[in-house]
Amino acid sequence: MGKGLEKPDKNPRGSTAPRLALVIVFCTAIAALFVLLIALPKHTGEISPLEFRALADYPFRSDGKVKSANTIAKEVAEGKFSANTDKFLEDHFPARSFFIALNSYTARLTGRNADQGIVMGRNGRMFDAPLQPDSERIKQNVEKIDAFANDNGLKAYYVFVPSAAVTCTDDLPAVHLDYPDDSLIEYARVLSDASVINAGSVFADSGRPGDMMYLTDHHWTMDGAYEVYSKLIRELGREPVPKSGFTEEQYDFRGSFYRQAGLWLAKPDVLRVWRTEALENASVTVGVGAAATEHIGVYDAEKLKEGEVDRYAAYLYSNNAVTVIENPQAQEGCIMIVKDSFGNSIAPLLACNYSRVIMVDTRYYMGVPVMPSELAAEYGAEALVAVFGADSLNSDCQLVFMR
């Protein structure tokens, strides 16, 4: 065989050791993670302080009790057992929060800004991804509310809140998709003869739109709610309570975008609670009939305590199918609010002007024995106010229950 045609050595000297070391390191890491997964304490059913949700239970348990053999066999056959196992392993993986954050920040550094459906903007502000318009759904929702108001002799008022991406444009990243919220709200305005308030326009008129929406959450702040309340209450023929009539408390707050995006290094928002003597003594009834609970004051003090993960739920005891606020110190009158969670923070302000406010959230109405029309008649409602984020206007809010 001539020179230059010698058979190459498949195992050059010194190449085996580094490869073996790499295999050993990899296997050791996998083994260590497996041991930690087995040995570390599990926090099944507890609320994750970063993600604001309950962590998965063992796949062979439900509500703290071991499932029967028949139930497990059925879940195995249906593929549910393996799905529950995957969820359990995901929720209790060692250093899970670190790896979530690592993935989130890596995604943004590599140009995948909306990888978790959340866009990171300037000045610590987070945005949701743009809506996919559903004009037929918007039409159905507006028609449902209009029909309810007409059938019950109520004058209707709409409040729609666009994404912060529409109002806080200075904080958007340099490259971003278009947000159709204003056009969706305008479409609703064309469909209905009711008064329609676009909260985004109100925020722009205030001259400080950045103060109207949270940085890490999709809701409006109390400043935002107050600006809309002031406009709405004048349309209802009454005068707003001046800001000087409230005292304010402040709490750290990390919102829905924060827990969805996994950007654990983000600075917290400030959640504000506005108090008056009348609101502190107002009666709040959550639910109807035998299931109803009674409260004094419009804020849930338990949700404002240190360590609580979702402080926005302090407004009127979170989302419930029916909530009735009675404020005997306010001017006589009753209004009904059909709403998503945006309504929770504006309703206490409206209760400063009305002795009775009925809130209806149709997303939770399944099984409620009393229809909204019966509530309107029982309490003597004189107007209907619909308060929704643009995303709710564009989706199924179970408004079939508005009858």
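The values are calculated or read from the model by the stated rules, or taken from the named source; none is laboratory data. Since this is a predicted model, take the numbers as computed values, not measurements. For neighbour counting, all protein chains shown are included, and Cβ atoms are generated from backbone atoms with ideal geometry for every residue, glycine included. Remember, those area values only see protein heavy atoms, side chains included, never the ligands or the DNA or RNA. Shrake-Rupley method; radii C 1.70, N 1.55, O 1.52, S 1.80 Å.
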List the extent of the Cα atoms of segment 226-329 along each of their three principal axes, largest first, rounded to whole Å. 44, 38, 23
Under 1.5 on a/c is rounded, so check that first for segment 253-301, then, if it is not, pick prolate when a/b is larger than b/c and oblate when it is not; a ≥ b ≥ c are the square roots of the alpha carbon gyration tensor eigenvalues. oblate
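In segment 111-178, what percent of the accessible surface is made up of carbon and sulfur (1.4 Å probe, ligands and nucleic acids excluded)?
That share works out to 46 percent.
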Amide H contacts of Gly389 (H built 1.01 Å from N, under 5 Å, at least 5 apart or other chain): Val161, Asp340, Phe342
Kirkwood calc, segment 151-219, C-alpha pairs only, radius in angstrom 13.4
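Counting other C-beta atoms within 10 Å, and keeping those with at most 14, which DSSP coil trypsin sites (Lys or Arg not before Pro) do you find in segment 218-325?
On the way: sites: Lys231, Arg234, Arg238, Lys243, Arg254, Arg259, Arg272, Arg275, Lys303, Lys305, Arg311; in loops: Arg238, Arg254, Lys305.
Hits after loop and neighbour filter: Lys305.
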In nm, give the distance between the simple-model label positions of Tyr379 and Cys27, each being 7 Å from the Cα along the Cα-to-Cβ direction. 6.8
Viscosity 1.306 mPa s, temperature 10 °C, Stokes-Einstein D of segment 204-253 from Kirkwood C-alpha radius, µm²/s: 130
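Quick check: at a probe of 1.4 Å, how many percent of the accessible area of segment 323-403 sits on carbon and sulfur atoms? Let's see the in-between values first.
Values: 1220 of 2530 Å².
Ligands and nucleic acids excluded, carbon and sulfur give 48 percent.
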Checking the a/c ratio against 1.5 first, then a/b against b/c, what shape does the Cα gyration tensor give for segment 244-403? oblate
Tell me the accessible surface of His219 in square angstrom (1.4 angstrom probe, heavy atoms of protein chains only), to the nearest ten. 10
For segment 209-363, report the accessible area per residue in Å² (1.4 Å probe, heavy atoms, rounded to an integer). 37
Can you work out the Karplus-derived ³J(HN,Hα) for every residue in segment 195-203? Use 6.51 cos²θ - 1.76 cosθ + 1.60 with θ = phi - 60°, whole Hz, and x for glycine or proline. 5, 10, 9, 8, 4, x, 5, 5, 5
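How would Glu143, Glu294 line up by accessible area, probe 1.4 Å, largest first? Please list the in-between numbers first.
Values: Glu143 95, Glu294 125 Å².
From most accessible down to least: Glu294, Glu143.
Under 1.5 on a/c is rounded, so check that first for segment 110-244, then, if it is not, pick prolate when a/b is larger than b/c and oblate when it is not; a ≥ b ≥ c are the square roots of the alpha carbon gyration tensor eigenvalues. Walk me through the numbers before you get to the answer.
On the way: a/c = 2.83, a/b = 1.39, b/c = 2.04.
Judged from the Cα gyration tensor, segment 110-244 comes out oblate (a/c at least 1.5, b/c at or above a/b).
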Show the residues, 5+ positions off or on another chain, whose built amide H is closer than 5 Å to the amide H of Ile337. Ile358, Met359, Val360, Val385
Convex hull projection area averaged over all views, segment 288-368, Cα basis, nm²: 5.7
